[in-house]
Amino acid sequence: MIPGPHPLTNGLVVMFEGSDGVGKTTQIELTQKALEAAGWPVLSTRNLGGTPIGEALREVLLSPVERPAMTDFYVSLAIQEPLLDLIDATRKEGKIVLMDRGPLSLAAYQVFGAGVDETTGWRHVEAGMDRIRPEAVILYDMDVQQAMERKRQRASADYFESKPADYFQRVAEGYRTAAGRYDATVIDAAQSAEVIQEQTIAIISGLLATEA
């Protein structure tokens with residue numbers, strides 16, 4: 001049961017993390033509908049993207065143009081920066097922010113997946129997490145091959161999704177490592193969407209009850 005709406009002095013940020021194909025988008029959509037039905041003001045956003053400049057740079061990042069790994073890393077940071085400003089402003093309005101990926105994706109995709117220098121990568125992950133200060137981080141985790149098959153059934157592959165299977169194994173390992181660093185709640189994404197939604201709502205309901 002989602003608690004009824006009450007003032008949130010500093011808003012609330014829930015970060016949804018996980019590789020492509022684990023069902024994050026579905027869970028965010030279901031969560032937003034449930035929260036709004038209970039009377040809560042909600043902003044759903046995504047990283048990479050989330051702002052006009054972020055969405056424009058997202059198109060560049062997902063394009064098939066070959067480039068060094070560090071180029072992707074710095075474009076990702078450029079996308080994230082205006083999104084951080086948006087989250088700060090939304091917090092001040094007392095809203096709930098549902099964030100489709102955050103700085104942990106830098107660790108997963110750039111450090112573990114692409115091999116960006118660990119010291120540089122983790123420094124920027126830490127800076128982003130310090131700025132966002134999410135009240136909850138949820139990692140949706142499942143077998144990599146199963147997630148890849150799900151994704152193939154739903155959409156054509158972009159620049160990252162066309163990479164080999166071992167890349168996604170490294171990404172999944174990166175997410176699990178980052179989840180441990182930032183005390184994320186891990187949900188088994190191989191379960192039904194209904195069960196996963198129940199678990200997701202339980203996490204957020206607990207936060208809202210605490211903030212009452």
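What follows is calculated from the coordinates using simple rules that are stated; it is not laboratory data. These numbers were taken from a predicted model, which means no experiment stands behind them. Counting neighbours? That spans all protein chains shown, and the Cβs are built from the backbone with ideal geometry, glycine included.
By per-residue mean of other Cβ atoms within 10 Å, what is the highest-first order of 2-11, 179-188?
179-188, 2-11
If you line up the long axis of helix 118-132 against the longest principal axis of the chain, both from Cα atoms, how many degrees apart are they, to the nearest 10? The helix 118-132 is inclined about 20 degrees to the chain. Compactness ratio for the chain: Cα radius of gyration over 2.2 N^0.38 Å (N = residue count) comes to 0.98. Between the helical axis of 69-92 and the longest alpha-carbon principal axis of the chain there is an angle of about 10 degrees. Under a model in which nothing but the beta-carbon of Lys, Arg (+1) and Asp, Glu (-1) is charged, the chain shows a dipole of about 180 debye around its Cα centre. Residue order for M148, M15, fewest other beta carbons within 10 angstrom first, comes to M148, M15. Between the Cα long axis of helix 52-61 and the first principal axis of the chain there is an angle of about 30°, rounded to the nearest 10. Stretching H6 away from V65 to a fully extended chain increases their span by 16.5 nm, per 0.36 nm per residue minus the current alpha-carbon distance. Comparing P7, A69, T25 along the charge dipole axis of region 1-146, the residue lying farthest to the positive side is P7, per the Cβ-charge model.
Here the gap between E198 and Q145, fully extended at 0.36 nm per residue and compared with their Cα-Cα distance, gives a gain of 16.6 nm. Any idea what % of Cα-Cα pairs in region 93-212 are farther than 22 Å? Of the Cα pairs, 41 percent sit more than 22 Å apart. Average projection, convex hull of the Cα set of region 6-99: 6.6 square nanometres. Note on the chain: Lys pairs 8 or more places apart or on different chains, Cα atoms under 30 Å apart, count 9.
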